[in-house]
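A.B. asks: Pasting a structure here, questions to come.
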Amino acid sequence: MLAGDDNDSDNDTGGDEQVGIATKTRAKPKKPSQFKVLMLNDDYTPMEFVVMVLKRFFHMDMEQATRVMLHVHQKGVGVCGIFPYEIAETKVNQVMDFARQNQHPLQCTLEKA
Ligand code: TYC
């Protein structure tokens with residue numbers, strides 16, 4: 001095409017040409033897959049430690065952290081949060097590392113939401 005050529009006329013032929021901003025579309029849009037981070041109960045990890053973990057890594061306040069900890073204590077498992085895969089995986093690793101460093105058997109895992 002020549003510099004300064006007015007290409008607009010080419011778009012008025014009644015055909016399928018598209019003008020404007022190019023955007024990608026998929027026939028089947030992929031939703032970003034979300035993962036639940038689950039906390040598991042055990043008989044040894046102190047309740048205070050679990051509350052600290054929920055506050056530190058999941059940004060819960062005292063009330064929320066206590067509620068989730070008690071739920072896990074009573075039901076065996078509970079949801080700490082739902083995140084995109086990479087973030088969920090990082091949270092699990094952070095919790096497991098922190099528990100190990102403090103010699104608690106606390107377990108945390110991922111599950112597709
Ligand atoms: N069951 C533990 C106790 O009685 C407390 C606990 C709660 C441990 C939640 C783990 O994910 C957990 N000390």
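A.B. asks: Ignoring ligands, DNA and RNA, please state the percent of accessible area on region 34-85 from carbon and sulfur, probe 1.4 Å.
C.D. replies: Looking at region 34-85 in its full context, I get 57 percent from C and S.
A.B. asks: For GLN34, which sequence-distant residues (separation of 5 or more, or a different chain) have an amide H within less than 5 Å of its own amide H, given hydrogens modelled in the peptide plane?
C.D. replies: ALA113
A.B. asks: Okay, next question. Amide H neighbours of HIS104 under 5 Å, at least 5 residues apart or on other chains, H built in the peptide plane: list them.
C.D. replies: Answer set, sorted by chain and number: none.
A.B. asks: Let me ask something else about it. Could you report region 43-112's accessible area per residue, 1.4 Å probe, as an integer in Å²? Can you show the working numbers first?
C.D. replies: Numbers: 4510 Å² over 70 residues.
Per-residue accessible area for region 43-112 comes out at 64 Å².
A.B. asks: Is region 43-112 best put as rounded, prolate or oblate by its Cα gyration tensor, with a ≥ b ≥ c the root eigenvalues, rounded for a/c under 1.5, and otherwise prolate when a/b is larger than b/c, oblate when not?
C.D. replies: Cα axes put region 43-112 in the rounded bin.
A.B. asks: Find how much the distance from HIS104 to LEU40 grows on full extension, using 0.36 nm per residue of separation minus their present alpha carbon separation; answer in nm with one decimal.
C.D. replies: Numbers: separation 64, 0.36 × 64 = 23.04 nm, distance 1.23 nm.
Between HIS104 and LEU40, full extension yields 21.8 nm more.
The values are calculated or read from the model by the stated rules, or taken from the named source; none is laboratory data. What you see is a predicted model, and the numbers here were worked out from it, not measured in a lab. SASA here: full protein model, heavy atoms, side chains in, ligands and nucleic acids out. Shrake-Rupley method; radii C 1.70, N 1.55, O 1.52, S 1.80 Å.
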